[in-house]
Amino acid sequence: MEKRDIAFKRLFPTIQLGDRPIRNLEWPELQTQKKDATAAMKRYLDKLDKAGDDYEMNEAEQEACRMLEDMLTSLDREMNERLESGNKGPRPVRIGGNGKTRNATRTGGELRSGEVGLRPEELFGPGDMGPYQSRDDFYAHVLANQAPEARNMVEGIGTQGGFTVPSQLHREILNSVYEESVTVPFLRQFRMDSLSLAIPMWDSEDRSQGGIASFEGQWIAEATDADIKTPKLRLVTLTAHKMMVLTRVSRECINDSLTLGQQLQPTLVRSLAYTLDAAIIGGSGVGRPLGIINSPSRIQVARAVANQISYTDICNLYVRLHPGFLKGARWLVSPSAVAQLLQIADAGNNNLWVPAAGPAIPPTLLGLPVGISEKCSALGSEGDIILCNLGQYAFGLREDFIVERSDSAYFASDQVAFRCVCRCDGHALMDAPITPVSGSTLSWAVTLV
């Protein structure tokens, strides 16, 4: 259990953190949860008042307060949206299939989750600017540290201040991140309405006895009973981890040149894309997503010659990818590996690398698209070239983005610090390579070591 969870249970013992999304709760349950959460926060605020100004919250306590604040914000938003729609009933998001649900009023009738390549509008809805007139108006309020809307009760506690990015701007930022990232647009994406999300999966990696997850077709004679099979299930759990992007802007830049939005948002987008790609490719799984090259379900292939990538290596990578994952598969390569890949040819002296045909058409290797990323490892290390189907990687994202400013962090250099906080998680849907009836193991991701 993480420190924040321990702190939450200690500070708010009457509040239970369940895996059930708020969208799925009945109206009386929403009312009860809001009443209990509000009462718990009030009790804690009273405790802080009695402790006086000398008491300082530690980081775990601050995160616990943020978790309860997020819960209150989500409850308020959910209740308001149901009241506006005239329907107080649950609004479930269907995972998988075509992802459509009739009572997802927030997006005009459709919310989708658990599919590959979802755009932010499909995952969260179209959004709006709330009380702000435009993107520049929002950043102007951030710069002035003044919000046009009423703030919630814990706004003044430690790091609990800040500005919730309006939903329309949130979608704009995410769409830009998708354009910048080499991994995120191709992941299987899930909307996270709570701290964690449990995804049921068939336990189908061991196919040595035939069938998938104990589903096995049988040939039977007339009036003969089929053997009963018990399918195996397991849960893949995503837990929202906090990711922070910190940047600074000089007062001269703020006062004399571009608007804050023009300066801050491009930097924010590039930083988010960089951090997400780095975590999805090589994340440790501790307080962040578990990356491809650390996934227990990846397959490692030994390279023929140290610090090199050869034709034999490319072939060996290709044959260890499960045939069912070829559609949608792609290569991720380090810039330091590109020079060698450009020169690799088959026995007929045909180049394996086909250059990009335009900005929207990437280069290909053995007919599969290539994404070049500095977040891949250096040539000669595991992760310098990866063959994978990113649709087998689950990526969960919370909707809330928070932007905050500080004048004190870089006071000596007369700079203003800004930070963006968002929460997400990700790891492979498979927990082990696939063991087929015959032959070597196969997987959704293959690396060269």
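Close contacts from the stretch 392-411, counting a first residue that is aliphatic (A, V, I, L, M) and a second that is in a loop (DSSP other than H, G, I, E, B) and at pLDDT 80 or above, with Cβ to Cβ under 8 Å and a gap of 6+ residues or different chains, come to 394/187; 394/429; 402/165; 403/165. Reported count of residues in the stretch 152-179, each being out of contact with any Lys or Arg (no Cβ under 6 Å at 6 or more places or on another chain) and either farther than 22 Å from residue 59 by Cα or at pLDDT 75 or above (or both), is 16. When residue 62 is tested against (1) loosely packed, with under 14 Cβ neighbours inside 10 Å; (2) polar (S, T, N, Q); (3) touching a residue at least 24 places away in the same chain (Cβ under 8 Å), exactly one condition is not met: (1). When the stretch 122-137 is limited to residues that are crowded, with 18+ Cβ neighbours inside 10 Å and either modelled with pLDDT of 85 or more or assigned to a loop (DSSP other than H, G, I, E, B) (or both), the one that is farthest from the chain's Cα centre (by Cα) turns out to be 132. Take residue 356 and tell me if it is surrounded by fewer than 18 Cβ atoms within 10 Å (Cβ to Cβ) and outside any helix (DSSP H, G or I). For residue 356, the condition - surrounded by fewer than 18 Cβ atoms within 10 Å (Cβ to Cβ) and outside any helix (DSSP H, G or I) - is met.
Quick check on the stretch 199-213. Is at least one of its residues at pLDDT 85 or above, of a type outside the set (Phe, Trp, Tyr) and closer than 26 Å to residue 24 by Cβ? Yes, the stretch 199-213 has at least one match.
All conditions in (1) charged (D, E, K, R); (2) farther than 20 Å from residue 319 by Cα; (3) in contact with a Leu (Cβ under 7 Å, 6 or more places away or on another chain) hold for residue 384, with the sole exception of (2).
Among the residues of the stretch 343-353, write down those that are surrounded by fewer than 16 Cβ atoms within 10 Å (Cβ to Cβ) and either under 22 Å from residue 293 (Cβ atoms) or of a type in the set (S, T, N, Q) (or both).
343, 349, 350, 351
Just one residue in the set 309, 299, 281, 292 is within 27 Å of residue 388 (Cβ to Cβ), surrounded by 12 or more Cβ atoms within 10 Å (Cβ to Cβ) and out of contact with any helix residue (DSSP H, G or I) (no Cβ under 6 Å at 6 or more places or on another chain); that residue is 299. For the stretch 221-248, a residue qualifies if it is among the β-branched types (Val, Ile, Thr), farther than 20 Å from residue 273 by Cα and surrounded by 10 or more Cβ atoms within 10 Å (Cβ to Cβ), and the qualifying residues are 236, 237.
Pull up the stretch 359-377, narrow it to residues that are under 23 Å from residue 443 (Cα atoms) and out of contact with any helix residue (DSSP H, G or I) (no Cβ under 9 Å at 6 or more places or on another chain), then point me to the one that is surrounded by the fewest Cβ atoms within 10 Å (Cβ to Cβ). So that I can check it myself, show each step before the final result.
At the first step, the residues of the stretch 359-377 found to be under 23 Å from residue 443 (Cα atoms) are 364-373, 375-377.
Checking which are out of contact with any helix residue (DSSP H, G or I) (no Cβ under 9 Å at 6 or more places or on another chain) leaves us with 364, 367, 369.
Numbers: 364: 17, 367: 10, 369: 16.
For the stretch 359-377, the residue satisfying everything is 367.
Of 447, 435, all but one fail to be surrounded by 22 or more Cβ atoms within 10 Å (Cβ to Cβ), in contact with a strand residue (DSSP E or B) (Cβ under 7 Å, 6 or more places away or on another chain) and touching a residue at least 60 places away in the same chain (Cβ under 8 Å); the exception is 447.
Within the stretch 80-93, residues that are under 19 Å from residue 124 (Cα atoms) reach partners that are of a type in the set (A, V, I, L, M) and modelled with pLDDT of 75 or more with beta carbons closer than 6 Å, at six or more positions or on different chains, in the pairs 93/111.
Selection of the stretch 35-94 for residues being touching a Gly at 6+ places or on another chain (Cβ under 8 Å) and of a type in the set (A, V, I, L, M) yields 57, 93. Reported count of residues in the stretch 359-393, each being touching a Gly at 6+ places or on another chain (Cβ under 8 Å), in a loop (DSSP other than H, G, I, E, B) and modelled with pLDDT of 95 or more, is 5. Can you confirm whether the stretch 334-342 contains a residue that is crowded, with 17+ Cβ neighbours inside 10 Å, in a strand (DSSP E or B) and touching a residue at least 40 places away in the same chain (Cβ under 8 Å)? Looking for residues that are crowded, with 17+ Cβ neighbours inside 10 Å, in a strand (DSSP E or B) and touching a residue at least 40 places away in the same chain (Cβ under 8 Å), one finds none in the stretch 334-342, hence no. The condition (being touching a Cys at 6+ places or on another chain (Cβ under 9 Å) and in contact (Cβ under 8 Å) with a residue 12 or more places away in the chain) is satisfied by just one residue among 303, 330, 320: 330.
I'd like to check something: does the stretch 309-319 contain any residue that is of a type outside the set (Gly, Ala, Ser), more than 30 Å from residue 138 (Cα to Cα) and out of contact with any Leu (no Cβ under 9 Å at 6 or more places or on another chain)? Yes, the conditions are met somewhere in the stretch 309-319. Of the residues 396, 439, 380, 367, which is under 30 Å from residue 191 (Cβ atoms) and among the small types (Gly, Ala, Ser)? From the options 396, 439, 380, 367, the qualifying one is 396.
Restricting attention to the stretch 404-414, does a residue exist that is crowded, with 19+ Cβ neighbours inside 10 Å and under 23 Å from the mean Cα position of the chain (by Cα)? I'd like the intermediate steps shown before the answer.
Looking only at the stretch 404-414, we keep the residues that are crowded, with 19+ Cβ neighbours inside 10 Å, and these are 405.
Still in the list and also under 23 Å from the mean Cα position of the chain (by Cα): none.
There is no residue in the stretch 404-414 that is crowded, with 19+ Cβ neighbours inside 10 Å and under 23 Å from the mean Cα position of the chain (by Cα).
The conditions are (1) crowded, with 18+ Cβ neighbours inside 10 Å; (2) assigned to a loop (DSSP other than H, G, I, E, B); (3) of a type outside the set (Asp, Glu); (4) modelled with pLDDT of 95 or more, and residue 430 fails exactly one of them. Which is it? Of the numbered conditions (1) crowded, with 18+ Cβ neighbours inside 10 Å; (2) assigned to a loop (DSSP other than H, G, I, E, B); (3) of a type outside the set (Asp, Glu); (4) modelled with pLDDT of 95 or more, the odd one out for residue 430 is (4).
The values are calculated or read from the model by the stated rules, or taken from the named source; none is laboratory data. Here the structure is a predicted model, which means the values were calculated and not measured. Glycine gets a Cβ as well: all are built from the backbone with ideal geometry, and neighbour counts include every protein chain shown.
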